[in-house]
Amino acid sequence: MNIFTIYSLFYIVLLSIVYFSKKRLKTIENKIFEKIMITNLVGVILAIGSYFTISNIDKLKMINVIISKSYIVYLLTWITLFTIYIFTISTPESKDKDKEFEKNLMIFGILYVIFLIMIIVNPLYYHNEDKAIYSYGPSANVMYIVSSVYIFVWIIRLVKNLKKVKDKKYLPIFAFMLLGVVVIVIQKSHPELLLMTSMETFIVFLMYHTIENPDMKILEEVHNAKVISDNANEEKTM
């Protein structure tokens, strides 16, 4: 089994515990991040599960099909959510931001359904020789199309927001685009490594450290400090 996937499971579980152990602001950005993080956790579990089902495909044919296809669906779900996140952080703060979010959600929701049907309809094949275990075929190749389309969309979005790209929030985007190319090249020659899932876990970690995400405890402390300061000023005035 790919050791990177095992490490990814450990880190994403740890991150989820740390994140959800604190109260957070209910912003659109945070809600999307939460979905991306949970999706990644499910994806890592599916990646590990697909390894066992493919290695025991004679006994688990139907289960293998379900888990392997579900893993491809996970990849689609993750990159779609990440794209929505990119559009959200690059949308200027205004009264129409919620409407813009709803519009983007509808557009990418339609694309998601189209790609989902392509993944389900197309066949998926399995390799289990010389300790190399992985799935391949037209269903898996859909993700190469999806990744190309979405990365092209990201580039257009970044070009339109050149003034903002220096913001730390954009770091995960550039990291994905850079590492993604490296991962695709490696997986072309070593598809059994499943590096894409581990890379996405790394991107989730970057997002956690780059999003504007103060927890509620810090906000309460700042508020209390302000109240104390205001009271002190009032006493001095009296």
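Only the coordinates and a few stated rules stand behind these numbers; no lab work does. The structure presented is a predicted model; accordingly, all values stated were derived computationally and were not measured. Please note: Cβ atoms are built from the backbone with ideal geometry, for glycine as well, and neighbour counts cover all protein chains shown.
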Compactness relative to 2.2 N^0.38 Å, alpha carbon Rg of the chain: 1.21
Using every alpha carbon pair in region 33-144, what percent of pairs falls into each 10 Å bin from 0 up to the bin containing the largest distance? 13, 38, 28, 14, 6, 1
The answer for Ser90, listing residues at least 5 apart or on another chain whose modeled amide H is closer than 5 Å to its amide H, is none
Restricting to lysine pairs 8 or more places apart or on different chains, what number in region 80-181 have Cα atoms under 20 Å apart? 10
Roughly how many nanometres apart are two label points built 7 Å out from the Cα toward the Cβ at Leu25 and Ile184? 3.5 nm
Spelling out what I want: for every residue of region 119-128, take phi, set θ = phi - 60°, compute 6.51 cos²θ - 1.76 cosθ + 1.60 (Karplus), and round to whole Hz; glycine and proline get x. 5, 5, 6, 6, x, 10, 10, 10, 10, 8
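Would you mind giving the three semi-axes, in whole Å and largest first, of the ellipsoid equivalent to region 77-192 according to its Cα gyration tensor? Walk me through the numbers on the way to the answer.
Values: eigenvalues 199, 68, 17 Å².
They are 32, 18, 9 Å, listed largest first.
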List every residue whose amide H lies under 5 Å from the amide H of Arg24, counting only residues 5 or more places away in sequence or on a different chain, with H placed 1.01 Å from N in the peptide plane. Met216
Can you tell me the orientation of helix 61-89 relative to the chain, as the angle in degrees between its alpha-carbon axis and the longest Cα principal axis, to the nearest 10? 30 degrees
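Over region 124-202, what lengths in whole Å, largest first, do the semi-axes of the equivalent ellipsoid take, defined as the square roots of 5 times the eigenvalues of the alpha-carbon gyration tensor?
On the way: eigenvalues 182, 39, 12 Å².
Equivalent ellipsoid of region 124-202: 30, 14, 8 Å, largest first.
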Pick from Leu193, Leu14, Leu179: which is most flexible by mean-square fluctuation in a GNM of the chain where alpha carbon atoms under 10 Å apart are linked? Leu14
Taking the chain and counting helices only, DSSP H stretches of n ≥ 4 at -39,500 (n - 2.57) each over all residues, the nearest-500 ellipticity at 222 nm comes to -26500 deg cm²/dmol
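If you look for lysine pairs in region 1-88 that are eight or more places apart or on different chains, how many of them have Cα atoms under 21 Å apart?
Number of lysine pairs found: 8.
List the trypsin sites (Lys or Arg not before Pro) within region 86-187 that fall in a DSSP loop (any state other than H, G, I, E or B) and whose Cβ has at most 16 other Cβ atoms within 10 Å. Before the final figure, lay out each step's value.
Working: sites: Lys95, Lys97, Lys99, Lys103, Lys131, Arg157, Lys160, Lys163, Lys164, Lys166, Lys168, Lys169; in loops: Lys95, Lys131, Lys163, Lys164, Lys166.
When the trypsin sites (Lys or Arg not before Pro) of region 86-187 are filtered for loop state and at most 16 Cβ neighbours within 10 Å, Lys95, Lys131, Lys163, Lys164, Lys166 remain.
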Starting from the Cα-Cα distance between Ser16 and Ile3, subtract it from 0.36 nm times their residue separation and give me the gain in nm to one decimal. 2.7 nm
Residues meeting the amide H criterion for Tyr126 (H placed from the backbone, H to H distance under 5 Å, 5 or more places apart or on another chain) are Tyr136
